[in-house]
Structure formats: C-alpha cells, structure tokens
Amino acid sequence: MSSPEPVSPNLDALPPTPPEPLSPAKRILVTLLILSGIALSVERARLWSGGLLNAQSFGYAVGTLLSPLVISYLIAGRKNHRKPVLFAVLFAGFVFLLGGMGLFHRSKDFKAEVVDVIREASGTKPVDRNSPNSPVFQLAREVMTELLNSSTAYRQSAHDASARLQNLYTPASFSSPDEMSRVRDSVQNAAAIDHEFFVQIEEWPARVQQRAAQSSLTESEKEDFLEGFNKAFLNSKILTLRKETDQIEDQWCKDTLALYDFALSQAGQIHVKNAHILIDDDNVRTRFNDSLHRAREQQKKFGDANAQLAKLQQEELQQLGLTKKDVGIAEPANSR
C-alpha cells in the first residue's frame, strides 16, 4: 500500500501581507520630499521658459517629473515592493539630480540670457545649444536679427553716402555747376537714407506684431510679449532723440539744398580761385553768405544731435554689458 503523496501548500491562496501603516513623521517626510521634487521641476521649467509660468512651462515641468517617477516606481513603488519612504527619497533624489544638472547649465540670470540672444542675433556669438529654446526667446531672436540686419544695411548705405560729402561747403564744391549738382544730390540722398531708416524704426512695432502673430505663442503670450515690447519701445529715449534728430536733419537738408540751388542759379557770378570763393556782385555775395551760414548752423545742430544719440546708445549698451562690437556695429570712418 503506497503512502499518500504530500500536498504542496497553495501559496497563491495565502492572503497578502498588509503594508505597515506610516507613522505621522514618515508621512510628513514623504510629503515634503515629493513636494520638493515638484517645486524644483516647476523652477526648472520657469528658467527654461525665460521666466514665464504658463501652460507650456507647466507642461515642461510635468515632463521633467516623468523619468524620476517611473524609475522610483520600478524600484520602490510597485504593489509587491511598496516602500513609500524609499519611493519618496528616490523620487526627490532623481529630480534634484536631473534638475541640478539643468540649473547648472541654466544658471544665468534673465538679463544675461537677453544679452546672449542679442549677441546670437548679431552673429557675434554662436547659438548655444543650452540657450533658451522657448517660443518667447525664439521670437526675440527673430525680432533682434531683423532689426540688426536692417541696422547693418543702413550703416553701410549711410557710410557710402557720407563718403560723397567730403567736400561739402568747401570752395571745391562750388567750382562748377556739375560739382554743385553732384554735392546737392549727395546731400539729398544722404538725408533720404537716414529718414528711410527712421521710418523703418517707427514701423518696427507693426513688424514685431506680425511676427508674433505668426509665432507658436498662445494668444495670452502674444499679448504679454507685445505689451512689454510696446512699453519699452514707446518709452525709449533713443527713439525720442532719433525723432528729434530726423527733424533737425530734414531742416539741414532743406537749408543746404537751398544754398546749392542758389549757387547753381548764380553760377556765372561765382568763381573759385586759390581755394577761395569769389563773388563780385554784393547782393549775390550777401545772399550766398547768409545761406551758407544757415546751412552750417543747421549742420552743427545735426552733428550735436548725432553725438547725443551715439552717447545714449553707448550708455544703454553698457547697461546691458554689451559693446558695439557685440551687436555688430562697426563705426564708419567718416561721419557727417
């Protein structure tokens, strides 16, 4: 007679061992660790977005929590191995590790980020792969690049126009009707170049608004960006002074054109000898000298205004910690 086979115990039928309840101190510890990890992710998202806390940055914050959450869950969060304190410690540790690395690379303040955007837009600094890549900073780069490209093109045109005015008001410029006409046209062309650039500056808010409309920013982000831009633009001291300078230059151009137009109308009375202007007729000579005096006075006002403009520009660059070279500004060898 054979003995009965031993019956193996049915381990699957045993009830699961309930987890030990957490003490109040451990509950507080778990809560603090998890909240600390979430707070760091939000701060990292704020820096990533350039200081904005919006739907996109919060989405980024949630994204940065996924990896630490999954890793911590696999180690200490599954049902059969649930250890709340260990889970919280691992979660917070991974978030701080990843977040700390991000903060190390993104430790610059907002002003420094703006300066880098300007340098990148001017082409004097390569685009940093760790640079802010939010839609706001992308839009800022596009706007700055457009402005700096327009400024570079203007400076080259203005420099070329200035080179043709080297003999302005000199006896040589009145030596013949052809030379008078050449100088007159050069003055008109130089003033037109300056005024055209000023008009471009005045129209810049409309171009920025158009770029913002085409960007991936949300409607509220577009409104916030344009509100900040318009406030800064309309309150710009440089813009106010540039408008005054444009008006002064317009009067300088009119007075100078009037001088050369009068000289052309009296070309038979005007002679140049030994680098001196000779006019026999007293009335013509008086009117010529009066016109020359008005034109020179307005030229001085124009030069003073340009000097103030250059000084203000230099001061604002210094406030940002920038130089003219940083923004791709090459000073022309000659200026009116």
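Report whether or not PHE233 is among the aromatic types (Phe, Trp, Tyr), within 17 Å of GLN200 (Cβ to Cβ) and surrounded by 14 or more Cβ atoms within 10 Å (Cβ to Cβ).
The answer is yes for PHE233.
Between TRP204, TRP252, the distinction of being within 16 Å of LEU309 (Cβ to Cβ) and either out of contact with any His (no Cβ under 6 Å at 6 or more places or on another chain) or not assigned by TED's automatic domain parsing to the domain that holds MET144 (or both) belongs to TRP252 only. Condition (residue is closer than 29 Å to LEU317 by Cβ, at pLDDT below 90 and out of contact with any Leu (no Cβ under 9 Å at 6 or more places or on another chain)) applied to the stretch 248-258: is it met by at least one residue? The answer is no; no qualifying residue exists.
So which residues in the stretch 235-248 are of a type outside the set (Asp, Glu) and touching a helix residue (DSSP H, G or I) at 6+ places or on another chain (Cβ under 8 Å), if there are any at all? Scanning the stretch 235-248 gives LYS237, ILE238, LEU239, LEU241, ARG242, LYS243, THR245, ILE248. Where helices (runs of 4 or more DSSP H) sit wholly within the stretch 189-302, those with at least 1 residues that are free of Cβ contacts under 8 Å to residues at least 24 places away in the same chain and among the acidic types (Asp, Glu) occupy 219-234. Which ones in the stretch 134-169 are without any contact (Cβ under 8 Å) to a residue 12 or more places away in the chain and either over 30 Å from ASN274 (Cα atoms) or not acidic (Asp, Glu) (or both)? If the condition is that a residue be without any contact (Cβ under 8 Å) to a residue 12 or more places away in the chain and either over 30 Å from ASN274 (Cα atoms) or not acidic (Asp, Glu) (or both), then ASN149, ALA153, GLN156 are the ones that fit.
The values are calculated or read from the model by the stated rules, or taken from the named source; none is laboratory data. On a predicted model such as this, the values are computed, not experimentally measured, just so you know. Glycine gets a Cβ as well: all are built from the backbone with ideal geometry, and neighbour counts include every protein chain shown.
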